[in-house]
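Asker: Dropping the structure in here first, questions after.
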């Protein structure tokens with residue numbers, strides 16, 4: 001190994017010292033990374049406030065067209081063949097109009113038989129009355145025993161009662177004969193017919209006919225529970241039928257009950273009698289001019305993404321948080337919030353998709369756009 005006093009050793013020591021000094025100077029001159037302030041790079045946005053407003057806009061609901069009042073018609077007697085069917089679906093009938101008749105040939109024979117029996121019993125009652133009349137006032141004369149006199153009187157009463165029973169039986173058969181004709185209980189439109197000529201009455205439980213009273217068909221629309229309070233009888237509605245036809249009606253009934261499973265309430269909308277309004281069809285109702293104080297934000301404050309509708313709430317630290325909302329009625333550039341932040345909450349007025357939860361924003365100055 002070379003001596004430290006030799007020229008070579010001295011050069012190595014100088015080189016090592018220079019390298020160490022260079023490393024030391026390099027370390028002392030390294031700068032720390034700059035501290036970034038998120039608020040300094042925040043995007044300037046306009047804010048809006050969740051507030052209570054009376055929004056005037058539209059409300060829609062859909063449902064099924066049903067008769068306002070309908071009746072299932074079946075025969076009152078059983079065991080008789082249908083002789084004729086007098087009306088069909090789509091026919092208009094008047095109260096008391098015959099709709100179907102049954103073969104009453106067997107019943108007519110029973111009527112004749114019962115009438116004859118009633119006449120026979122009346123004759124027997126008349127004879128018994130005459131025999132009782134002969135002994136009237138002879139109780140003390142001794143011509144007949146008291147037992148014979150009482151027997152004639154009781155026989156007359158019994159014969160008269162039997163005659164009344166036969167007459168009642170004859171009347172019952174005549175009443176049954178009258179029910180061999182199935183009649184309309186009221187005026188209306190025949191919306192269903194299932195009976196055919198030759199069918200036997202009383203077999204099965206299917207109604208022969210179904211009538212819509214006065215031909216009135218209305219819309220039974222299902223409305224969300226939160227919107228029921230905005231509707232009341234008399235409110236006009238435009239009802240769009242399946243073929244696009246629009247008919248105008250008014251709310252007749254707002255149901256006081258909400259379905260426990262669907263949380264929907266039913267609204268009955270009276271419609272004019274129109275052949276295009278068919279029972280069983282689907283229709284959609286639109287209610288205009290509905291106003292109700294509710295929490296609302298500008299429509300631009302609500303954004304829609306894969307997770308649904310939401311607003312970007314701005315906290316006191318100017319940091320945004322995504323809050324899901326359920327929207328209701330729209331009108332005049334505002335949208336009702338059925339669920340969401342409370343009144344007074346600050347939200348981004350124009351919630352673009354570029355904002356993400358956790359971003360910092362800078363509220364724009366008053367009057368800025």
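Asker: From the list 328, 358, 344, which one is in a loop (DSSP other than H, G, I, E, B) and at pLDDT below 90? First the steps, then the outcome.
Answerer: Values: 328 fails: in a loop (DSSP other than H, G, I, E, B); 344 fails: at pLDDT below 90.
Result of the check over 328, 358, 344: 358.
Asker: Determine whether residue 160 is touching a helix residue (DSSP H, G or I) at 6+ places or on another chain (Cβ under 8 Å) and either at pLDDT below 65 or part of a helix (DSSP H, G or I) (or both).
Answerer: Working: touching a helix residue (DSSP H, G or I) at 6+ places or on another chain (Cβ under 8 Å): yes; either at pLDDT below 65 or part of a helix (DSSP H, G or I) (or both): yes.
Yes: the conditions hold for residue 160.
Asker: Let me ask something else about it. It is to be established whether one or more residues within the stretch 193-211 are in contact (Cβ under 8 Å) with a residue 12 or more places away in the chain, in the same structural domain as residue 255 (by TED's automatic domain parsing), over 23 Å from residue 92 (Cα atoms) and not in a loop (DSSP other than H, G, I, E, B).
Answerer: no
Asker: Just checking, does the stretch 67-86 include any residue being without any contact (Cβ under 8 Å) to a residue 60 or more places away in the chain, assigned by TED's automatic domain parsing to the domain that holds residue 188 and over 28 Å from the mean Cα position of the chain (by Cα)? Spell out the reasoning first.
Answerer: Just the residues of the stretch 67-86 that are without any contact (Cβ under 8 Å) to a residue 60 or more places away in the chain, to begin with: 86.
Filter once more, keeping what is assigned by TED's automatic domain parsing to the domain that holds residue 188: 86.
Next, from what is left, pick out any that are over 28 Å from the mean Cα position of the chain (by Cα): 86.
Yes, the stretch 67-86 contains a residue that is without any contact (Cβ under 8 Å) to a residue 60 or more places away in the chain, assigned by TED's automatic domain parsing to the domain that holds residue 188 and over 28 Å from the mean Cα position of the chain (by Cα).
Asker: Can you pull out every residue in the stretch 224-240 that is assigned to a loop (DSSP other than H, G, I, E, B), modelled with pLDDT under 85 and within 16 Å of the chain's Cα centre (by Cα)?
Answerer: We begin by selecting, within the stretch 224-240, every residue assigned to a loop (DSSP other than H, G, I, E, B); these are 229-235.
So of that shortlist, the ones also modelled with pLDDT under 85 come out as 229-230.
Within the stretch 224-240, just 229 meets the criteria.
Asker: For residue 256, state whether it is in contact with a strand residue (DSSP E or B) (Cβ under 6 Å, 6 or more places away or on another chain), surrounded by fewer than 12 Cβ atoms within 10 Å (Cβ to Cβ) and part of a strand (DSSP E or B). So that I can check it myself, show each step before the final result.
Answerer: Values: in contact with a strand residue (DSSP E or B) (Cβ under 6 Å, 6 or more places away or on another chain): no; surrounded by fewer than 12 Cβ atoms within 10 Å (Cβ to Cβ): yes; part of a strand (DSSP E or B): yes.
Here the answer is no, as residue 256 does not meet what is asked.
The values are calculated or read from the model by the stated rules, or taken from the named source; none is laboratory data. Every value quoted in this text rests on a predicted model; they were computed, and no experiment measured them. FYI the Cβ positions are ideal-geometry reconstructions off the backbone, even for glycines, and counts take in every protein chain you see.
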